[in-house]
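Inspection log for the structure reproduced underneath, given as structure tokens.
The values are calculated or read from the model by the stated rules, or taken from the named source; none is laboratory data. Since we're looking at a predicted model, the values are computed, not measured. Don't worry about glycine lacking a Cβ; one is built from the backbone with ideal geometry, like all the others, and counts go over all protein chains shown. For the accessible areas, the whole protein counts, side chains as well, though only heavy atoms, and no ligand, DNA or RNA atoms are used. Shrake-Rupley method; radii C 1.70, N 1.55, O 1.52, S 1.80 Å.
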Amino acid sequence: MSALGYVTSTSIFVIICSIVWYLKMSRYFQLGNMIPGPPGLPILGNMLTAMSRRNNILEYFRELRHRYGLVCKGWLGPHLLVGLSDPRDVAVILNSSQTLSKAPIYNPIRLVFGKSLILADTEVWNKFRKIMNPTFTHQIIDTYVKTFYEKSLVMADRLEKHSDESPFDMVDFTMPCTLEMVSETSLGVPVNIQKENPQHCVVMNFPRLSKIVTYLMTHPWFWFTLITKFSPLYQEIIKLVKPIRDFVDVTVKQKTYSYLNSRSTSEVHKVSQQCVNDTKQRLGFLEQMISTMVNNPGLFTAEKLRDQAMFVMAAATDTSAYTVAYTLMLLGSHQDIQEKVMREQEDIFGEDMDRPVTAEDLKQMVYLEQVINETMRLYPIIPFVARWVDEDVRISDYTLPAGTTVLISIYLVHRQPAYYPDPDKFDPDRFSEENRLSRPSSSFVPFVSGRRMCIGRYYAYMAMKTMLSVVLRRYKVLKHGSRQDMDYLQYNFLLKMVNGHNVKLRQRTRERR
Ligand code: HEM
């Protein structure tokens, strides 16, 4: 072919590609622009405003909802981002098979957790979730209650030095406790962090890691790992993650070693197969994963197993620890509600207020569960989740084109006056059975819903109720500060209080226990 012919055919190819790209994108832009949202700059869209407001993102979202309604779009360069806070739209997204994938905004999390469950693409996620589901059944979790109780008791003992009514940050106590719980139950390896090492690397390094990851998530160019690798933050992540990975590595190796030594491989396989049908025989999370890995060479690597274990550990530790702290803060501000919780505890434990908690007791703590739910409504520890639209999806009045990132604002969904009149008021009666059934289930989604819903929901309720029951039977939470103080929130992947989760405790008198 002559040079002229070469240039001509290349030019034709480029023109055709440009037309195809334009046709594809013009529909994307057209559908996106039908959705209300703030005006943006050429090319950059709303990127600069979104970044400048990243430190008070909750307030920014509140303003957008107020101005543009329950569906609001923004452009990050050519990328469409749609925020939803109407429970009906949220139900569509969480239940649709077109929106099961996680959006690229989550990419920075990969630097911490690799390709664990939360980030896996749909096919890999399906595979892992099938293996993990039988290890999180009610029957298995009920057997963990003894451990939940023992760990909570250690926490209550450690709290004694703070029963002098001076304020302290409750998370310093709840987090080592939940970390011990998950290490001993789901990972199956006992640890003694609360007494020996409350400043454990998981407790110390995760807060900084969440801060860095949130920063990267709110700067879209860091959604590309290649770019992030040039940032000094990348080196910091590696430094912070290393001791946590080492801790989980040791745990996984220890478990694998003891498991393989205690049974022959064929026995392991037999038990693993029985798990599918026999609920009594089911294995814990890590044992089941090890068994599956050993018996299905090539299905996944030890590194993947480590990432899954690390994610489960992180997912179980922070979420429950902060939620328990929020609950205690709210009970301090609402003494009448704390009294009602105590009456329920007295009904269950009678004269013997020091006796251990059983799974049956926890199921009777209906009012305490209402209190936890109302806490999670006001302070959902994961205030946003993001999904990627694989194929066009229709919500109430708009079509979200394939390639859109959907941001579900759990925080705003939970404060919809249409479902929660006087939404900022703390009122656990909203979760009485009658009131709960009068609302669509998608108006309360702290664990999201649908196929990618939190696997640890039941685990979390049982662990949190145990912690609260043990602490509240021993200590009265005193009023400290005002409810308005609890409005100073920040988004660091999790929803946290700017000034810490401070409470004041007083030991209850024997007669009251
Ligand atoms: C108050 C406690 C908890 C809350 C509010 C909570 C909330 C959530 C939410 C909202 C998600 C979905 C995230 C997303 O789609 O982006 C999630 C996922 C997950 N959570 Fe939880 N969680 C809690 C406790 C736990 C516990 C105790 C465990 C384990 C023992 C756990 C394990 C997981 C796992 C493995 C996933 C990923 C599920 C998947 O993608 O299939 N969580 N959690």
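Pairs of Cα atoms nearer than 8 Å and 6+ residues apart set the relative contact order; for the chain it is 25 percent. A dipole drawn for the chain from +1 and -1 charges on Cβ atoms has a positive end, and of 404, 443, 495 the residue lying farthest that way is 404. Selection among 312, 345, 375 by position relative to the dipole of the stretch 301-391 gives 312 as farthest towards the positive end (Cβ unit charges, Cα centre). Here the 3J(HN,Hα) profile of the stretch 8-21, calculated from phi with Karplus coefficients 6.51, -1.76 and 1.60 at θ = phi - 60°, is 5, 5, 5, 4, 4, 4, 5, 5, 4, 4, 5, 5, 4, 4 Hz, Gly and Pro shown as x.
Computed over neighbours whose Cβ is under 13 Å from that of residue 492, the net charge equals +3, Lys and Arg +1, Asp and Glu -1.
Looking at the chain only, what percent of DSSP beta bridges run antiparallel? Nearest 5 please.
Here the antiparallel bridges make up roughly 85 percent for the chain.
The lysines whose alpha-carbon is closer than 24 Å to the alpha-carbon of residue 73, local same-chain residues fewer than 8 away aside, are 24, 102.
Taking 4 °C and 1.567 mPa s as conditions, the stretch 55-181 diffuses translationally at an estimated 67 µm²/s according to Stokes-Einstein applied to its Kirkwood radius (Cα pairs). Hey, which of these cross-link pairs are over 23 Å Cα-Cα: 242/465; 161/195; 465/496; 195/340? From the list (242/465; 161/195; 465/496; 195/340), the Cα-Cα distance tops 23 Å for 242/465; 195/340.
Amide hydrogen proximity for residue 45: with H placed 1.01 Å from N in the peptide plane, the residues at 5 or more positions away or on another chain lying under 5 Å are 77. If you roll a 1.4 Å probe over the stretch 338-390 with all protein chains in place, what percent of the accessible area is carbon or sulfur? The C+S portion of the solvent-accessible surface of the stretch 338-390 is 49 percent.
Close amide H contacts of residue 478 (hydrogens built in the peptide plane, cut-off under 5 Å, sequence separation of 5 or more or a different chain): 504, 505, 506.
Here the ratio of the Cα radius of gyration of the stretch 313-407 to 2.2 N^0.38 Å is 1.59.
Counted over all Cα-Cα pairs of the stretch 109-230, pairs farther apart than 16 Å make up 72 percent. Take the chain with all the other protein chains still there, run a 1.4 Å probe, and you get 45 Å² of accessible area per residue. Using Cα-only point scatterers and the Debye equation, what is log10 of I(q)/I(0) for the chain at each q in 0.12 Å⁻¹, rounded to two decimals? Here the Debye-derived log intensity ratios amount to -1.19. Over all other residues within a Cβ to Cβ distance under 11 Å of residue 385, the charged ones net out to +3, with Lys and Arg as +1 and Asp and Glu as -1. Per residue of the chain, the DSSP helices (runs of n ≥ 4 H) give a summed -39500 (n - 2.57) that works out to -17500 deg cm²/dmol at 222 nm.
Taking θ as phi - 60° and the Karplus parameters 6.51, -1.76 and 1.60, the scalar couplings of the stretch 213-219 work out to 4, 5, 4, 5, 5, 8, 10 Hz in sequence order, x denoting glycine and proline.
Our estimate of slack between residue 34 and residue 95, defined as 0.36 nm per intervening residue step minus the Cα-Cα distance, is 19.6 nm.
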